[in-house]
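Below is one structure, written out as C-alpha coordinates, with a few remarks after it.
The values are calculated or read from the model by the stated rules, or taken from the named source; none is laboratory data. Treat the numbers as computed from the prediction; the structure is a model and nothing was measured. Cβ atoms come from the backbone with ideal geometry, glycine included; neighbour counts cover every protein chain shown.
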Amino acid sequence: MKRLFLAIVFVALVIARADACTNFPINVGVVDTSEGRVISQVVSVLINERTGVTVGLKYFKTSGELYRKVDEGKLEILIEDTSNALRFMNLPVNSDPRVNLMTVKKIYRKRVKKRNAYFWLTPLAFRRNAAGVPTLTSLLVSRKALD
(Lines give C-alpha, C1' and ligand atoms only; values in the text may rest on other atoms or scores of the structure.)
Protein backbone atom coordinates (compact mmCIF):
# COMPACT_ATOMS: atom_id res chain seq x y z
CA MET A 1 0.00 0.00 0.00
CA LYS A 2 2.90 2.32 0.76
CA ARG A 3 4.31 1.70 -2.73
CA LEU A 4 0.93 2.50 -4.27
CA PHE A 5 0.72 5.79 -2.40
CA LEU A 6 4.29 6.77 -3.31
CA ALA A 7 3.69 5.92 -6.98
CA ILE A 8 0.55 8.07 -7.04
CA VAL A 9 2.39 10.96 -5.37
CA PHE A 10 5.18 10.64 -7.95
CA VAL A 11 2.66 10.75 -10.80
CA ALA A 12 1.01 13.82 -9.30
CA LEU A 13 4.36 15.59 -9.05
CA VAL A 14 5.24 14.77 -12.66
CA ILE A 15 1.85 15.99 -13.86
CA ALA A 16 2.14 19.06 -11.64
CA ARG A 17 5.22 20.23 -13.50
CA ALA A 18 3.62 19.60 -16.86
CA ASP A 19 0.20 21.10 -16.23
CA ALA A 20 0.57 23.68 -13.50
CA CYS A 21 0.06 26.52 -16.00
CA THR A 22 -2.74 25.01 -18.05
CA ASN A 23 -6.29 26.23 -18.01
CA PHE A 24 -7.94 23.14 -19.43
CA PRO A 25 -9.38 20.43 -17.17
CA ILE A 26 -7.73 17.03 -17.05
CA ASN A 27 -10.10 14.16 -17.79
CA VAL A 28 -9.26 10.87 -16.11
CA GLY A 29 -10.93 7.75 -17.50
CA VAL A 30 -11.28 4.40 -15.79
CA VAL A 31 -13.38 1.26 -16.05
CA ASP A 32 -16.08 1.44 -13.37
CA THR A 33 -14.82 -0.99 -10.72
CA SER A 34 -14.27 -0.48 -7.00
CA GLU A 35 -10.48 -0.46 -7.52
CA GLY A 36 -10.81 1.98 -10.43
CA ARG A 37 -12.97 4.34 -8.40
CA VAL A 38 -10.55 4.37 -5.45
CA ILE A 39 -7.43 4.94 -7.56
CA SER A 40 -9.12 7.59 -9.71
CA GLN A 41 -10.30 9.50 -6.63
CA VAL A 42 -6.80 9.48 -5.13
CA VAL A 43 -5.24 10.60 -8.42
CA SER A 44 -7.88 13.33 -8.78
CA VAL A 45 -7.27 14.74 -5.30
CA LEU A 46 -3.49 14.68 -5.70
CA ILE A 47 -3.56 16.45 -9.06
CA ASN A 48 -6.08 19.06 -7.92
CA GLU A 49 -4.37 19.79 -4.60
CA ARG A 50 -0.92 20.03 -6.16
CA THR A 51 -1.77 22.01 -9.30
CA GLY A 52 -5.20 23.55 -8.86
CA VAL A 53 -6.21 22.02 -12.18
CA THR A 54 -9.79 20.76 -12.37
CA VAL A 55 -9.98 16.99 -12.76
CA GLY A 56 -12.97 15.34 -14.38
CA LEU A 57 -13.49 11.67 -13.59
CA LYS A 58 -15.09 9.60 -16.34
CA TYR A 59 -16.28 6.08 -15.54
CA PHE A 60 -16.88 3.50 -18.28
CA LYS A 61 -18.63 0.14 -18.17
CA THR A 62 -16.10 -1.60 -20.43
CA SER A 63 -12.55 -1.19 -21.67
CA GLY A 64 -14.00 -0.83 -25.16
CA GLU A 65 -15.86 2.34 -24.17
CA LEU A 66 -12.74 3.64 -22.42
CA TYR A 67 -10.51 3.10 -25.46
CA ARG A 68 -13.06 4.70 -27.81
CA LYS A 69 -12.69 7.90 -25.78
CA VAL A 70 -8.91 7.49 -25.88
CA ASP A 71 -9.00 7.21 -29.67
CA GLU A 72 -11.17 10.34 -29.82
CA GLY A 73 -8.59 12.19 -27.69
CA LYS A 74 -11.16 12.89 -24.94
CA LEU A 75 -9.01 11.68 -22.02
CA GLU A 76 -5.69 13.05 -20.78
CA ILE A 77 -5.12 10.25 -18.27
CA LEU A 78 -6.49 6.77 -18.07
CA ILE A 79 -6.13 4.11 -15.43
CA GLU A 80 -5.92 0.64 -16.91
CA ASP A 81 -4.75 -2.90 -16.27
CA THR A 82 -2.07 -4.19 -18.60
CA SER A 83 -3.96 -7.43 -19.25
CA ASN A 84 -7.08 -5.49 -20.27
CA ALA A 85 -5.03 -3.35 -22.64
CA LEU A 86 -3.58 -6.46 -24.29
CA ARG A 87 -7.00 -8.08 -24.60
CA PHE A 88 -8.40 -4.95 -26.17
CA MET A 89 -5.61 -5.03 -28.78
CA ASN A 90 -6.34 -8.74 -29.42
CA LEU A 91 -2.91 -9.77 -28.14
CA PRO A 92 -2.13 -12.74 -25.90
CA VAL A 93 -1.88 -12.13 -22.16
CA ASN A 94 1.22 -13.55 -20.50
CA SER A 95 1.07 -15.01 -16.98
CA ASP A 96 3.94 -12.68 -16.00
CA PRO A 97 2.55 -9.15 -15.46
CA ARG A 98 5.98 -7.58 -16.06
CA VAL A 99 6.05 -9.07 -19.58
CA ASN A 100 2.57 -7.66 -20.20
CA LEU A 101 3.69 -4.21 -19.05
CA MET A 102 6.75 -4.26 -21.30
CA THR A 103 4.61 -5.39 -24.25
CA VAL A 104 2.07 -2.58 -23.90
CA LYS A 105 4.80 -0.01 -23.27
CA LYS A 106 6.54 -1.09 -26.47
CA ILE A 107 3.31 -0.85 -28.50
CA TYR A 108 2.43 2.57 -27.10
CA ARG A 109 5.99 3.87 -27.57
CA LYS A 110 5.54 3.43 -31.33
CA ARG A 111 2.65 5.92 -31.21
CA VAL A 112 4.70 8.69 -29.57
CA LYS A 113 4.73 10.94 -32.65
CA LYS A 114 0.95 11.02 -32.77
CA ARG A 115 -0.85 13.81 -30.95
CA ASN A 116 -3.00 11.40 -28.96
CA ALA A 117 -0.10 9.19 -27.88
CA TYR A 118 -0.12 7.83 -24.34
CA PHE A 119 2.78 6.92 -22.05
CA TRP A 120 2.55 4.08 -19.52
CA LEU A 121 3.86 5.11 -16.11
CA THR A 122 5.15 2.97 -13.27
CA PRO A 123 2.44 0.52 -12.10
CA LEU A 124 0.36 1.57 -9.12
CA ALA A 125 -1.23 -1.70 -8.09
CA PHE A 126 -0.99 -5.46 -8.55
CA ARG A 127 -3.96 -7.81 -8.52
CA ARG A 128 -5.43 -10.90 -10.12
CA ASN A 129 -8.22 -10.28 -12.61
CA ALA A 130 -11.43 -12.32 -12.83
CA ALA A 131 -9.63 -15.04 -14.79
CA GLY A 132 -6.96 -15.29 -12.08
CA VAL A 133 -4.24 -13.75 -14.28
CA PRO A 134 -1.86 -11.41 -12.44
CA THR A 135 -2.14 -7.87 -13.78
CA LEU A 136 -0.65 -4.46 -13.08
CA THR A 137 -2.72 -1.31 -12.86
CA SER A 138 -1.00 1.73 -14.27
CA LEU A 139 -1.66 5.29 -15.39
CA LEU A 140 -1.40 6.29 -19.01
CA VAL A 141 -0.74 9.97 -19.57
CA SER A 142 -1.45 11.56 -22.93
CA ARG A 143 1.12 13.56 -24.82
CA LYS A 144 -1.50 16.32 -25.02
CA ALA A 145 -1.45 16.64 -21.21
CA LEU A 146 2.32 16.95 -21.24
CA ASP A 147 2.52 19.59 -24.00
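Here are a few things to note about the model shown:
- Restricting attention to the stretch 97-108, the residues that are surrounded by fewer than 14 Cβ atoms within 10 Å (Cβ to Cβ) and within 11 Å of residue 83 (Cβ to Cβ) total 1.
- Taken over the stretch 35-80, the criterion of being acidic (Asp, Glu) and either under 22 Å from residue 101 (Cβ atoms) or in a strand (DSSP E or B) (or both) is satisfied by 35, 71, 76, 80.
- Output for the stretch 55-99, where each listed residue is under 12 Å from residue 31 (Cα atoms), in contact with a helix residue (DSSP H, G or I) (Cβ under 8 Å, 6 or more places away or on another chain) and among the basic types (Lys, Arg): 58
- Selection within the stretch 59-86: residues that are among the charged types (D, E, K, R) and either farther than 16 Å from residue 36 by Cβ or buried (at least 17 other Cβ atoms within 10 Å of the Cβ) (or both). The member of this set that is modelled with the lowest pLDDT is 71.
- Residue that is modelled with the lowest pLDDT [pool: residues in the stretch 100-119 that are touching a helix residue (DSSP H, G or I) at 6+ places or on another chain (Cβ under 6 Å) and closer than 19 Å to residue 68 by Cβ]: 117
- As a summary of the residue check, residue 83 satisfies the conditions (1) within 16 Å of residue 141 (Cα to Cα); (2) of a type in the set (Gly, Ala, Ser); (3) touching a strand residue (DSSP E or B) at 6+ places or on another chain (Cβ under 6 Å) except for the one numbered (1).
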